[in-house]
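What follows is a single structure, written as structure tokens, with notes after it.
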Amino acid sequence: DSEYGELYKKGAGYTLTLNQAVEIMLRESDNTALRAVLETNDQYLPSDVRALNSLDIEYDINNTDQTLQIGTRSYSSFFKCLYFACYNSKEDSQKILSILGETDFNDRLVSGITDKSVLVSHKIGVFNTVVQSDCGIVYVPNSNYALCIMIQADDNSTTNSHFKELSKIVYEFIVGAN
């Protein structure tokens with residue numbers, strides 16, 4: 001899937017482990033890695049949607065194209081579930097959050113955090129090239145917080161400056177409240 005990521009360039013027949021695919025999917029937001037994870041043996045994936053019961057996800061059951069439209073509230077819910085290990089074990093949840101804290105995407109939420117020692121576990125997204133998102137957990141000492149921003153725009157430089165400014169406003173408010 002050449003829509004986002006570089007794994008597709010490895011070509012058909014390239015092999016990697018499920019763990020490697022998951023790490024690439026999380027760290028690089030790679031769509032080919034996502035497809036590889038989704039197409040793995042069903043024994044590794046939930047057999048039903050009970051996992052979604054722990055999340056605050058709003059979706060339209062009458063959606064004819066079978067896609068799940070996720071807003072900021074729902075997206076944040078995934079991070080809340082990871083943070084509190086509501087579905088995975090604490091160890092697995094922390095591993096996922098750790099991987100999400102090692103991404104190279106520093107032009108959105110991360111850019112608004114002035115203290116570069118503060119960890120941000122986050123996931124960027126792009127929907128139909130016009131909706132840009134970044135959602136995650138900012139680990140401010142004694143004041144961890146979740147922040148999720150979605151912006152409708154197709155100009156990355158403008159969008160990234162909005163992410164930076166909004167993230168900075170929230171960060172400075174949280175830090176100032178301590």
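The values are calculated or read from the model by the stated rules, or taken from the named source; none is laboratory data. It should be emphasised that the depicted structure is a prediction, and the values quoted were computed from it without experimental measurement. Please note: Cβ atoms are built from the backbone with ideal geometry, for glycine as well, and neighbour counts cover all protein chains shown. Ligands, DNA and RNA are excluded from the accessible area calculation, which covers all protein heavy atoms including side chains. Shrake-Rupley method; radii C 1.70, N 1.55, O 1.52, S 1.80 Å.
Do you know which residues across the stretch 73-95 are open to solvent by 60 Å² or more (accessible area, probe 1.4 Å) and modelled with pLDDT under 90? R73, F78, Y87 - these are the residues of the stretch 73-95 that are open to solvent by 60 Å² or more (accessible area, probe 1.4 Å) and modelled with pLDDT under 90. So, in the stretch 86-137, how many residues would count as being assigned to a strand (DSSP E or B), under 15 Å from L166 (Cβ atoms) and among the polar types (S, T, N, Q)? Matching residues across the stretch 86-137 total 2.
For the stretch 2-20, the set of residues classified as open to solvent by less than 100 Å² (accessible area, probe 1.4 Å), without any contact (Cβ under 8 Å) to a residue 60 or more places away in the chain and on the phi < 0 side of the Ramachandran plot consists of S2, L7, Y8, L16, T17, L18, Q20, listed by residue number. Among residues of the stretch 138-162 being in a strand (DSSP E or B) and of a type in the set (V, I, T), the one that is farthest from C81 (Cα to Cα) is I151.
Criterion first (surrounded by fewer than 12 Cβ atoms within 10 Å (Cβ to Cβ) and on the phi > 0 side of the Ramachandran plot) does T114 satisfy it? No. Consider the stretch 134-176 and keep the residues that are among the small types (G, A, S) and either in contact (Cβ under 8 Å) with a residue 60 or more places away in the chain or over 23 Å from N31 (Cα atoms) (or both). The one that is surrounded by the most Cβ atoms within 10 Å (Cβ to Cβ) is S167.
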